[in-house]
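See below for the structure under consideration.
The values are calculated or read from the model by the stated rules, or taken from the named source; none is laboratory data. Everything numeric in this text was worked out from a predicted model, so none of it was measured. Note: ideal-geometry Cβ built from the backbone for every residue, glycine included; neighbour counts use all protein chains shown. For the accessible areas, the whole protein counts, side chains as well, though only heavy atoms, and no ligand, DNA or RNA atoms are used. Shrake-Rupley method; radii C 1.70, N 1.55, O 1.52, S 1.80 Å.
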Amino acid sequence: MDQIKIGKFIAECRKKANLTQMQLAEKLNITDRAVSKWETGKAMPDSAIMLELCDVLKINANDLLCGEVVTMDNYNKELENNLLEMIKQKEQADKRLLRTEIVMGICCILPLIASLIIVLTVPMEEWLGSVIVGASVVPLLIATPFALKIEQKAGYYECQKCGHRHIPKYSSVFCSMHINRTRYMRCPKCGKISWQKKVLSKEKKF
Ligand SMILES: [Zn+2]
C-alpha cells in the first residue's frame, strides 16, 4: 500500500466534500493532527475509524486503501490485494511486538544475573546484598504486565484439541502456566484445556 498516494487521495476527497482538516477531525472525534498525518502519508487511518472516514468522504474502504476510486473491472482483484496486504502488515507488526518482548525479557534478566553474580562473589554486608538483588528485580516487575499484554494481543493462540485460533483474555494469559509462549489455557470454542501455541495468523493456510 502506498501511504503517500493514500494521503493525497484523502486530502482530495476531503476537499471535494468541502471540509477543512479541522472539520473532518471533528466529525471523526479525532485531532486535526491525525488528519494531517494521514494526508502527508506519515500514518494510516486506524482500522477502527476507517469505515467512518470512508462514509464521510463518500468512498469505500477499497478505494481508500488503493488511494483512488477503483473501477468495477479490477475491483475484486484490488480488494483481495488490499486485504492480503493488511493481513501481512498486521502479522509483521505482531512479529515486531513479539521481538520487543524478547528484548524486554533480556533487559530484565541481565541485571538480575549480574546482581546475583556480584552478591555471590563480592564480599559485602547481607543487607546490601538484599538491596542490590531487590533493586534488580524491579525492572522485571515493571515489564511483566507489558510483556503479558504483548503476548495476549500479538497473534493468536491455537487450541491443540480443535485447532481454533483466538485472542485470549488478559486474565487467562496472566493466570495460565506457560513454557515460553506456549500456554496451558481453556479453548473458548471447544472448552477443552490444552497447551496452546502462539501463532501469527488467524487462518491456517498462511
Ligand atoms: Zn478448542
Place +1 on the Cβ of every Lys and Arg and -1 on the Cβ of every Asp and Glu in the chain, take the dipole about the Cα centre, and give the residue among Ile113, Cys159, Leu83 whose Cα lies farthest towards its positive end.
-> Cys159
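How large a share of the accessible area of region 1-105, in percent, is made up of carbon and sulfur atoms when the probe is 1.4 Å and the other protein chains stay in place? Numbers along the way, then the final one.
Values: 3540 of 6650 Å².
Answer for region 1-105 is 53 percent, counting heavy atoms of protein chains only.
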In nm, to one decimal, how far is the modelled label at Ser130 from the one at Arg96, with both set 7 Å along Cα→Cβ?
-> 4.5 nm
Per-residue ³J(HN,Hα) for region 94-109, Karplus 6.51 cos²θ - 1.76 cosθ + 1.60, θ = phi - 60°, Hz, x for Gly and Pro = 4, 4, 4, 4, 5, 5, 4, 4, 4, 4, 4, x, 4, 4, 7, 7
Quick one: net charge around Lys27, please, counting Lys, Arg +1 and Asp, Glu -1 for every other residue with C-beta under 12 Å from its C-beta.
-> -3
What is the set of long-range amide H partners of Ala17 at a cut-off below 5 Å, with H atoms built 1.01 Å from backbone N?
-> none
Rounded accessible area per residue of region 166-206, 1.4 Å, Å² = 71 Å²
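What does the accessible area per residue of region 102-150 come to in Å², with a 1.4 Å probe and no ligands, DNA or RNA counted? Provide the component values of the computation, followed by the final result.
On the way: 3360 Å² over 49 residues.
Heavy-atom accessible area per residue stands at 69 Å².
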So how many Lys-Lys pairs in region 19-114 land under 24 Å Cα to Cα, not counting same-chain pairs under 8 apart?
-> 13
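With N residues in the chain, what two-decimal value do you get for its Cα radius of gyration over 2.2 N^0.38 Å? Walk me through the intermediate numbers first.
Details: Rg = 23.7 Å, N = 206, 2.2 N^0.38 = 16.7 Å.
For the chain, the normalised Cα radius of gyration is 1.43.
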Tally of Lys pairs whose C-alpha atoms are under 15 Å apart, taken over region 116-206, 8 or more apart or cross-chain | 14
In debye to the nearest 20, the charge dipole size for the chain, taken about the Cα centre with +1 at each Lys and Arg Cβ and -1 at each Asp and Glu Cβ, equals 700 debye
Taking placed amide H atoms and a strict 5 Å upper bound, the residues 5 or more places from Gln196 or on another chain that come that close are Arg183, Tyr184, Met185
